[in-house]
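Have a look at the structure below, then the notes.
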Amino acid sequence: MVIEDENPYLLLTPGPLSTTPTVKRVMMRDWCTWDDDYNVDVVQVIRKQLVELAGGSPDTHTAVLMQGSGTFSVESAIGSVIPEDGKLLVLANGAYGQRLAKIAARLKIALVVEDSGDLSPPDPVKLEQTLADDPTITHVALVHGETTTGMLNPLDKIAPVVKAAGRVLIVDAMCTFGGVPLNVNQLEIDFVISSANKCIQGVPGFGFIVAKRTVLEATAGWARSLSLDLFDQWKTMEAGNGGKWRYTSPTHTVRAFAQALKELEKEGGIAARCARYTESQHVLSEGMAELGFPSLLPKDVQSPIITAFPFPTDPGFEFKQFYEELKERGFVIYPGKVSDRDTFRIGTIGNVNADDIRRLLTAIKETKR
Ligand SMILES: *Cc1c(COP(=O)(O)O)cnc(C)c1O
């Protein structure tokens, strides 16, 4: 049987994103969740590779896979690693930072939110003061790449402040992990969270948490949910030969992810992937500016992942029509909103390169305006 790549358009979105035909192809067989062919040869290999990609070592770090979309893994971490008398400080500057806070509020976890506004990164000096003023704060959470705007938050400046104050650090690196270098050892990050369908370029269905072993080990019995219990999921994945999930695992997605990891390695690892995304992002932002669409963010905080463009002020611009015209030409873009401004966003992650972006720019030039 010949399997065609049937995509009618490229997804220039923050995930799910365009995947390679070879990633899709490996989903054409079925796997038994009790068999070692799956558990040891697929799941355990993935867990080991994730620890390596995060810059951790197997003695000090471990990876836990969790069913569901990325938010489920975020909720699993937030809901499982903060004790009953703990208190979470969330540094927010967009919808995903706000979602961290929303999860904590829903779980009735004591919470402080510092929102620096959609267009400003969190301030390490202010953070230092907040942590000094409130010794009851036990955990700090933030987003690495804020998908709302495409901003790359200054994790290298925030992490040392959190660690100097002796607090636990939780990072939602959903849209950056695998595409932007990050090192859990150097930055002493306790929990880093991402999912299958972002920069590793797999398909949706599960997320993962790379955790510092000693910190995770202390969390037995803290989870506020049964199915999202991070500690229990980890214990099950470690037991016996390892690799077992509690409850049905997304076998096809997991297999696709294993293939995606091989392709990441073949590309040259995170540095090479970051270089590809960065080139695409530069071609995009420069080309768009020439077409009358300046980027929302200044260059120094712009991530290579996704770029936001404010709606142009010319009255002839209608997003819906713009979107449909681009879709007809083979490109799907993403709507957005920051504070009180409408934006659209264009992702440069997935199986997409600078030539695809050049074709997109040609298509944008041809739209009716
Ligand atoms: C994609 C994403 C998530 C998770 O979103 P899901 O729709 O649940 O997969 C969380 N945080 C960030 C920063 C993201 O980009």
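Inspect all residues belonging to the range 25-34 and state whether any of them is of a type in the set (D, E, K, R) and under 30 Å from residue 358 (Cα atoms). Yes, the range 25-34 contains a residue that is of a type in the set (D, E, K, R) and under 30 Å from residue 358 (Cα atoms). Scanning the range 139-148 for residues that are open to solvent by 20 Å² or more (accessible area, probe 1.4 Å) and either assigned to a helix (DSSP H, G or I) or of a type in the set (D, E, K, R) (or both) turns up nothing. Residue count for the range 56-99 satisfying the condition of being in a loop (DSSP other than H, G, I, E, B) and either touching a Gly at 6+ places or on another chain (Cβ under 7 Å) or not charged (D, E, K, R) (or both): 11.
State all residues of the range 178-199 that are more than 10 Å from the ligand (Cβ to nearest atom), aliphatic (A, V, I, L, M), part of a loop (DSSP other than H, G, I, E, B) and open to solvent by less than 30 Å² (accessible area, probe 1.4 Å); if no residue qualifies, say none. Within the range 178-199, 180, 182, 184, 189 qualify. In this structure, does residue 212 turn out to be under 17 Å from residue 76 (Cβ atoms), modelled with pLDDT of 95 or more and within 16 Å of the ligand (Cβ to nearest atom)? No; evaluated as a whole, the condition is false for this residue. Within the range 306-327, the set of residues being touching a Gly at 6+ places or on another chain (Cβ under 7 Å) and open to solvent by 20 Å² or more (accessible area, probe 1.4 Å) comprises 312 only. Residue 91 passes every criterion in (1) more than 16 Å from the ligand (Cβ to nearest atom); (2) open to solvent by less than 10 Å² (accessible area, probe 1.4 Å) apart from (1). Within the range 111-134, residues that are free of Cβ contacts under 8 Å to residues at least 24 places away in the same chain have Cβ atoms under 6 Å from residues that are open to solvent by 50 Å² or more (accessible area, probe 1.4 Å) in no pair, counting only partners at least 6 apart in sequence or on another chain. Just one of the listed residues (64, 40) is more than 16 Å from the ligand (Cβ to nearest atom), β-branched (Val, Ile, Thr), surrounded by fewer than 18 Cβ atoms within 10 Å (Cβ to Cβ) and under 21 Å from residue 248 (Cα atoms), and it is 40. Do we find a residue being small (Gly, Ala, Ser), open to solvent by 10 Å² or more (accessible area, probe 1.4 Å), within 16 Å of the ligand (Cβ to nearest atom) and over 24 Å from residue 261 (Cα atoms) anywhere in the range 161-177? The answer is no, given that none of the residues of the range 161-177 is small (Gly, Ala, Ser), open to solvent by 10 Å² or more (accessible area, probe 1.4 Å), within 16 Å of the ligand (Cβ to nearest atom) and over 24 Å from residue 261 (Cα atoms).
When residue 14 is tested against the conditions (1) at pLDDT below 95; (2) under 19 Å from the mean Cα position of the chain (by Cα); (3) not in a loop (DSSP other than H, G, I, E, B), the lone failure is (3). When the helices (runs of 4 or more DSSP H) confined to the range 208-305 are screened for residues that are open to solvent by less than 20 Å² (accessible area, probe 1.4 Å) and small (Gly, Ala, Ser), those reaching at least 2 such residues are found at 251-267, 269-290.
The single condition from (1) touching a helix residue (DSSP H, G or I) at 6+ places or on another chain (Cβ under 6 Å); (2) away from the ligand (no atom under 13 Å from the Cβ); (3) of a type outside the set (S, T, N, Q) that residue 144 fails is (2). Among the residues of the range 17-52, those that are among the hydrophobic types (A, V, I, L, M, F, W, C) and assigned to a helix (DSSP H, G or I) comprise 23, 26, 27, 28, 40, 42, 43, 45, 46, 50, 51.
The values are calculated or read from the model by the stated rules, or taken from the named source; none is laboratory data. Remember, predicted model here, so these are calculated numbers, not experimental data. Every residue, glycine among them, receives a Cβ derived from its backbone with ideal geometry; neighbour counts consider all protein chains shown. Areas reflect the complete protein model, heavy atoms only, side chains present, ligands, DNA and RNA absent. Shrake-Rupley method; radii C 1.70, N 1.55, O 1.52, S 1.80 Å.
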